[in-house]
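Take a look at the structure set out below.
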Amino acid sequence: MTASSAALAALSGLGFGLSLIVAIGAQNAFVLRQGVRGQHVLPVIAVCAVSDIVLIAAGVAGFGTVVEAMPAIVTVARYAGAAFLLGYAVLAVRRAMSSSALIADAAGASVAVGASVLTCLALTWLNPHVYLDTVVLLGSFASTYASPDRWFLAAGAMVASVVWFLALGYGARRLGPLFERPAAWRVLDSLIAAIMFALAIGLVVS
(Lines give C-alpha, C1' and ligand atoms only; values in the text may rest on other atoms or scores of the structure.)
Protein backbone atom coordinates (compact mmCIF):
# COMPACT_ATOMS: atom_id res chain seq x y z
CA MET A 1 0.00 0.00 0.00
CA THR A 2 1.25 3.46 -0.89
CA ALA A 3 0.02 6.90 0.09
CA SER A 4 -1.16 7.51 -3.46
CA SER A 5 -3.12 4.25 -3.63
CA ALA A 6 -4.73 4.95 -0.26
CA ALA A 7 -5.71 8.47 -1.36
CA LEU A 8 -7.10 7.13 -4.64
CA ALA A 9 -9.13 4.51 -2.77
CA ALA A 10 -10.48 7.15 -0.39
CA LEU A 11 -11.47 9.42 -3.28
CA SER A 12 -13.11 6.48 -5.03
CA GLY A 13 -15.07 5.71 -1.88
CA LEU A 14 -16.08 9.35 -1.56
CA GLY A 15 -17.40 9.48 -5.12
CA PHE A 16 -19.03 6.07 -4.95
CA GLY A 17 -20.68 6.90 -1.63
CA LEU A 18 -22.10 10.16 -2.95
CA SER A 19 -23.41 8.42 -6.07
CA LEU A 20 -25.38 6.03 -3.85
CA ILE A 21 -26.71 8.49 -1.30
CA VAL A 22 -27.45 11.66 -3.29
CA ALA A 23 -30.84 10.65 -4.59
CA ILE A 24 -34.47 11.44 -3.84
CA GLY A 25 -35.56 8.84 -1.35
CA ALA A 26 -37.53 8.35 1.84
CA GLN A 27 -34.58 8.99 4.13
CA ASN A 28 -33.41 12.12 2.33
CA ALA A 29 -36.96 13.48 2.16
CA PHE A 30 -37.33 13.04 5.91
CA VAL A 31 -34.00 14.74 6.66
CA LEU A 32 -34.97 17.60 4.34
CA ARG A 33 -38.27 18.15 6.13
CA GLN A 34 -36.65 18.06 9.55
CA GLY A 35 -34.02 20.50 8.34
CA VAL A 36 -36.57 22.94 6.97
CA ARG A 37 -38.47 22.80 10.24
CA GLY A 38 -35.27 23.06 12.27
CA GLN A 39 -36.53 20.22 14.47
CA HIS A 40 -34.20 17.58 15.98
CA VAL A 41 -31.84 18.02 13.04
CA LEU A 42 -28.65 16.81 14.75
CA PRO A 43 -30.14 13.58 16.18
CA VAL A 44 -31.68 12.74 12.81
CA ILE A 45 -28.41 13.43 10.99
CA ALA A 46 -26.55 11.34 13.57
CA VAL A 47 -28.90 8.38 13.06
CA CYS A 48 -28.47 8.52 9.28
CA ALA A 49 -24.71 8.94 9.37
CA VAL A 50 -24.04 6.30 12.03
CA SER A 51 -26.35 3.84 10.25
CA ASP A 52 -24.46 4.38 7.00
CA ILE A 53 -21.11 3.97 8.74
CA VAL A 54 -22.24 0.64 10.23
CA LEU A 55 -23.61 -0.58 6.89
CA ILE A 56 -20.53 0.51 4.95
CA ALA A 57 -18.25 -1.24 7.43
CA ALA A 58 -20.40 -4.37 7.22
CA GLY A 59 -20.26 -4.35 3.42
CA VAL A 60 -16.51 -3.88 3.28
CA ALA A 61 -16.04 -6.57 5.94
CA GLY A 62 -17.89 -9.04 3.71
CA PHE A 63 -21.43 -9.04 5.10
CA GLY A 64 -22.70 -8.55 1.56
CA THR A 65 -22.06 -12.22 0.85
CA VAL A 66 -24.33 -13.11 3.78
CA VAL A 67 -27.12 -10.94 2.38
CA GLU A 68 -26.71 -12.55 -1.04
CA ALA A 69 -26.80 -16.02 0.51
CA MET A 70 -29.93 -15.22 2.56
CA PRO A 71 -32.34 -13.37 0.24
CA ALA A 72 -35.09 -13.77 2.85
CA ILE A 73 -33.49 -10.87 4.76
CA VAL A 74 -34.10 -8.55 1.83
CA THR A 75 -37.61 -9.92 1.27
CA VAL A 76 -38.67 -9.27 4.86
CA ALA A 77 -37.16 -5.77 4.75
CA ARG A 78 -38.92 -5.10 1.45
CA TYR A 79 -42.45 -5.79 2.66
CA ALA A 80 -41.92 -4.25 6.10
CA GLY A 81 -40.43 -1.19 4.44
CA ALA A 82 -43.31 -0.92 1.97
CA ALA A 83 -45.86 -1.04 4.78
CA PHE A 84 -44.01 1.62 6.74
CA LEU A 85 -43.62 3.88 3.70
CA LEU A 86 -47.33 3.62 2.92
CA GLY A 87 -48.17 4.61 6.47
CA TYR A 88 -45.79 7.56 6.36
CA ALA A 89 -47.23 8.61 2.99
CA VAL A 90 -50.73 8.66 4.48
CA LEU A 91 -49.49 10.88 7.31
CA ALA A 92 -47.88 13.23 4.78
CA VAL A 93 -51.16 13.44 2.86
CA ARG A 94 -53.01 14.27 6.06
CA ARG A 95 -50.49 17.01 6.85
CA ALA A 96 -50.86 18.44 3.35
CA MET A 97 -54.66 18.46 3.55
CA SER A 98 -55.04 19.69 7.11
CA SER A 99 -54.88 23.46 7.45
CA SER A 100 -54.32 23.14 11.19
CA ALA A 101 -51.01 21.40 10.50
CA LEU A 102 -49.76 24.16 8.25
CA ILE A 103 -48.72 26.79 10.74
CA ALA A 104 -46.27 29.06 8.96
CA ASP A 105 -43.76 29.56 11.75
CA ALA A 106 -43.75 26.03 13.16
CA ALA A 107 -44.98 23.95 10.22
CA GLY A 108 -47.16 21.84 12.44
CA ALA A 109 -47.08 20.45 15.92
CA SER A 110 -43.73 19.61 17.43
CA VAL A 111 -42.73 15.95 17.37
CA ALA A 112 -40.74 14.41 20.22
CA VAL A 113 -37.10 13.69 19.50
CA GLY A 114 -37.65 10.00 20.23
CA ALA A 115 -40.39 9.76 17.62
CA SER A 116 -38.20 11.52 15.06
CA VAL A 117 -35.30 9.18 15.76
CA LEU A 118 -37.50 6.07 15.55
CA THR A 119 -39.00 7.27 12.26
CA CYS A 120 -35.53 7.87 10.86
CA LEU A 121 -34.35 4.43 12.02
CA ALA A 122 -37.33 2.79 10.33
CA LEU A 123 -36.84 4.72 7.08
CA THR A 124 -33.19 3.62 7.09
CA TRP A 125 -33.21 0.02 8.25
CA LEU A 126 -36.52 -1.08 6.69
CA ASN A 127 -35.31 -0.01 3.27
CA PRO A 128 -34.04 -3.09 1.39
CA HIS A 129 -32.11 -0.89 -1.03
CA VAL A 130 -29.80 0.08 1.81
CA TYR A 131 -28.66 -3.54 2.00
CA LEU A 132 -28.42 -4.03 -1.74
CA ASP A 133 -26.66 -0.72 -2.41
CA THR A 134 -24.60 0.11 0.66
CA VAL A 135 -23.80 -3.44 1.77
CA VAL A 136 -23.77 -5.61 -1.37
CA LEU A 137 -22.89 -3.11 -4.10
CA LEU A 138 -20.35 -1.07 -2.16
CA GLY A 139 -19.00 -4.23 -0.55
CA SER A 140 -18.47 -5.80 -3.97
CA PHE A 141 -16.79 -2.63 -5.21
CA ALA A 142 -14.51 -2.56 -2.17
CA SER A 143 -13.54 -6.21 -2.67
CA THR A 144 -11.69 -5.21 -5.84
CA TYR A 145 -9.19 -3.32 -3.67
CA ALA A 146 -6.40 -4.83 -1.59
CA SER A 147 -7.09 -5.26 2.12
CA PRO A 148 -5.52 -2.02 3.42
CA ASP A 149 -6.85 0.16 0.61
CA ARG A 150 -10.44 -1.08 0.83
CA TRP A 151 -10.74 0.44 4.31
CA PHE A 152 -9.57 3.78 2.95
CA LEU A 153 -12.34 3.40 0.37
CA ALA A 154 -14.76 2.69 3.21
CA ALA A 155 -13.53 5.79 5.05
CA GLY A 156 -14.14 7.88 1.94
CA ALA A 157 -17.69 6.54 1.62
CA MET A 158 -18.32 7.23 5.32
CA VAL A 159 -17.10 10.81 4.94
CA ALA A 160 -19.43 11.23 1.95
CA SER A 161 -22.38 10.12 4.07
CA VAL A 162 -21.58 12.44 6.97
CA VAL A 163 -20.96 15.44 4.69
CA TRP A 164 -24.14 14.83 2.70
CA PHE A 165 -26.46 14.55 5.68
CA LEU A 166 -24.93 17.59 7.37
CA ALA A 167 -25.35 19.60 4.16
CA LEU A 168 -28.91 18.38 3.63
CA GLY A 169 -30.08 18.83 7.20
CA TYR A 170 -28.52 22.20 7.94
CA GLY A 171 -28.58 23.52 4.39
CA ALA A 172 -32.35 23.08 4.35
CA ARG A 173 -32.62 25.91 6.87
CA ARG A 174 -31.80 28.35 4.08
CA LEU A 175 -35.22 27.49 2.68
CA GLY A 176 -36.82 28.93 5.82
CA PRO A 177 -38.13 32.14 4.20
CA LEU A 178 -39.81 30.10 1.47
CA PHE A 179 -41.56 27.90 4.02
CA GLU A 180 -42.94 30.83 5.97
CA ARG A 181 -45.91 30.39 3.65
CA PRO A 182 -48.29 27.54 4.53
CA ALA A 183 -48.71 26.72 0.83
CA ALA A 184 -45.02 25.77 0.63
CA TRP A 185 -45.51 23.16 3.36
CA ARG A 186 -48.53 21.84 1.49
CA VAL A 187 -46.41 21.36 -1.63
CA LEU A 188 -43.50 19.79 0.30
CA ASP A 189 -45.71 17.30 2.13
CA SER A 190 -47.50 16.46 -1.12
CA LEU A 191 -44.15 15.72 -2.77
CA ILE A 192 -43.03 13.65 0.20
CA ALA A 193 -46.28 11.67 0.07
CA ALA A 194 -45.81 11.05 -3.66
CA ILE A 195 -42.22 9.89 -3.09
CA MET A 196 -43.24 7.55 -0.27
CA PHE A 197 -46.13 6.06 -2.26
CA ALA A 198 -43.91 5.54 -5.31
CA LEU A 199 -41.16 3.90 -3.24
CA ALA A 200 -43.62 1.65 -1.44
CA ILE A 201 -45.20 0.50 -4.71
CA GLY A 202 -41.76 0.00 -6.20
CA LEU A 203 -40.75 -2.24 -3.27
CA VAL A 204 -43.86 -4.40 -3.62
CA VAL A 205 -43.72 -4.89 -7.40
CA SER A 206 -39.93 -5.19 -7.71
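The values are calculated or read from the model by the stated rules, or taken from the named source; none is laboratory data. Everything numeric here is computed off the predicted structure, so don't read it as measured data. All Cβ positions, even for glycine, are placed from backbone atoms using ideal geometry, and neighbour counts span all protein chains on display. SASA here: full protein model, heavy atoms, side chains in, ligands and nucleic acids out. Shrake-Rupley method; radii C 1.70, N 1.55, O 1.52, S 1.80 Å.
How would you classify segment 154-206 from its alpha-carbon gyration tensor, with a ≥ b ≥ c the square roots of the eigenvalues: rounded for a/c under 1.5, else prolate if a/b is greater than b/c, otherwise oblate?
oblate
Just the accessible area per residue of the chain, please: how many Å² with a 1.4 Å probe?
That works out to 48 Å² for each residue.
If I compute solvent accessible area with a 1.4 Å probe over the protein chains, what percent of it on the chain is carbon and sulfur?
74 percent
How big is the gap, in Å, between the Cα center of segment 180-204 and the Cα center of segment 4-63?
21 Å
Find, to one decimal place in angstroms, the Kirkwood hydrodynamic radius of the chain, where the mean of 1/r is taken over every pair of different Cα atoms and then inverted.
Numbers: mean 1/r = 0.0561 Å⁻¹.
Roughly 17.8 Å, rounded to one decimal.
Counting only helical runs of four or more DSSP H residues, what would the 222 nm mean residue ellipticity of the chain come to if each run contributes -39,500 (n - 2.57) and the total is spread over all its residues?
Calculated from helices alone, the mean residue ellipticity at 222 nm is -25000 deg cm²/dmol.
For helix 182-205, what angle does its Cα long axis make with the longest principal axis of the chain, in degrees from 0 to 90 and rounded to 10?
Approximately 50 degrees, to the nearest 10.
I need the calculated FRET efficiency for the pair VAL54 and ARG174, taking r as the beta carbon distance and R₀ as 25 Å, to the nearest 0.05.
That gives a FRET efficiency of 0.25.
Contact order normalised by length for the chain, with contacts defined as Cα pairs under 8 Å and 6 or more residues apart; what percent is it?
Relative contact order, the chain: 47 percent.
For segment 140-152, what does the Karplus curve 6.51 cos²θ - 1.76 cosθ + 1.60, with θ = phi - 60°, yield as ³J(HN,Hα) per residue in whole Hz, taken in order and with x for Gly and Pro?
Couplings: 5, 4, 5, 5, 7, 9, 5, 3, x, 5, 5, 7, 5 Hz.
Against the longest alpha carbon principal axis of the chain, how many degrees, from 0 to 90 and to the nearest 10, is the axis of helix 26-37 turned?
That works out to roughly 50 degrees.
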